[in-house]
Amino acid sequence: MTAATIVLLVVTCAAAAIDVRTRRIPNLLTGAAALAALAVHVPAGPFAVMTALAVMLSAFVAGSVAFSAGWFGGGDVKLIAACCGFASFPGAIALVLYVLVAGALLALVTAAARGRLVALVHSTATLAAHGAPLEKGVLLPYGVAIAAGSVVYAASTVVPSLRLPV
């Protein structure tokens with residue numbers, strides 16, 4: 001496991017713990033994570049650093065669109081962008097897919113625990129058909145999904161059968 005992957009796990013687990021407790025992911029954590037993501041690539045040279053920066057900016061732009069649609073919080077977007085810097089390219093693609101799957105599972109488990117599974121399915125179907133949900137959704141501590149996706153990503157770096165073909 002690389003230094004980037006280890007720092008990724010430490011950052012995302014810390015963010016998950018904070019998010020569960022406060023429903024926020026602090027800018028200080030995401031900013032430090034972004035700097036660390038660039039720093040871990042310094043030994044590989046300027047191209048590696050620039051690639052990580054480009055991946056973080058791409059993730060931030062895509063995340064900003066999702067934030068504007070109300071799908072993610074601002075701290076979630078910044079944390080995902082920093083995480084993508086740790087994974088760089090092409091690892092960031094797999095990382096984001098793992099995070100999205102973890103987020104979907106978190107939403108299903110949370111809805112089921114609150115007795116709102118049918119409402120979630122209905123709202124999701126409405127979103128898919130019309131582009132707008134019927135009701136305001138329940139906020140999830142998405143830092144948990146980001147950490148879970150990061151754990152699966154880290155595991156995939158050492159267990160080839162977990163790797164996505166991206």
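From the list 20, 55, 101, 10, the lone residue that is of a type in the set (A, V, I, L, M) and touching a helix residue (DSSP H, G or I) at 6+ places or on another chain (Cβ under 6 Å) is 55. Kindly list, by first and then second residue, each pair from a residue in segment 1-30 that is under 14 Å from residue 139 (Cα atoms) to a residue that is among the acidic types (Asp, Glu), limited to pairs with Cβ atoms under 7 Å and residues at least 6 apart or on different chains. From residues that are under 14 Å from residue 139 (Cα atoms), the pairs are 25/19; 25/76.
Restricting segment 49-65 to residues that are β-branched (Val, Ile, Thr) and either exposed (fewer than 15 other Cβ atoms within 10 Å of the Cβ) or in contact with a Gly (Cβ under 7 Å, 6 or more places away or on another chain) (or both) leaves a set whose member that is nearest to residue 34 (Cα to Cα) is 55. Within segment 33-60, the residues that satisfy the criterion of being of a type in the set (Gly, Ala, Ser) and more than 11 Å from residue 78 (Cα to Cα) are 36, 37, 39, 44, 45, 48, 52, 54, 58. Return the residue satisfying two criteria in turn: it lies in segment 98-137 and is farther than 30 Å from residue 162 by Cβ and among the aliphatic types (A, V, I, L, M), and of such residues it is modelled with the lowest pLDDT. Checked segment 98-137; the qualifying residue modelled with the lowest pLDDT is 134. Output yes when any residue across segment 75-90 is over 19 Å from residue 37 (Cα atoms) and hydrophobic (A, V, I, L, M, F, W, C), and no when none is. No, segment 75-90 contains no residue that is over 19 Å from residue 37 (Cα atoms) and hydrophobic (A, V, I, L, M, F, W, C). Pairs are defined by a Cβ separation below 8 Å, a sequence spacing of at least 6 or placement on different chains, a first member in segment 96-124 that is more than 29 Å from residue 8 (Cα to Cα), and a second member that is among the charged types (D, E, K, R); the pairs so defined are 119/135; 123/135. Highlighted here are the helices (runs of 4 or more DSSP H) found entirely within segment 1-97 that include at least 3 residues which are among the hydroxyl-bearing types (Ser, Thr, Tyr): 3-22, 46-68.
The values are calculated or read from the model by the stated rules, or taken from the named source; none is laboratory data. This one's a predicted model, so the numbers in the text were calculated from it and none came from an experiment. Positions of Cβ are generated from backbone atoms using ideal geometry, with glycine treated the same way; all protein chains shown enter the neighbour counts.
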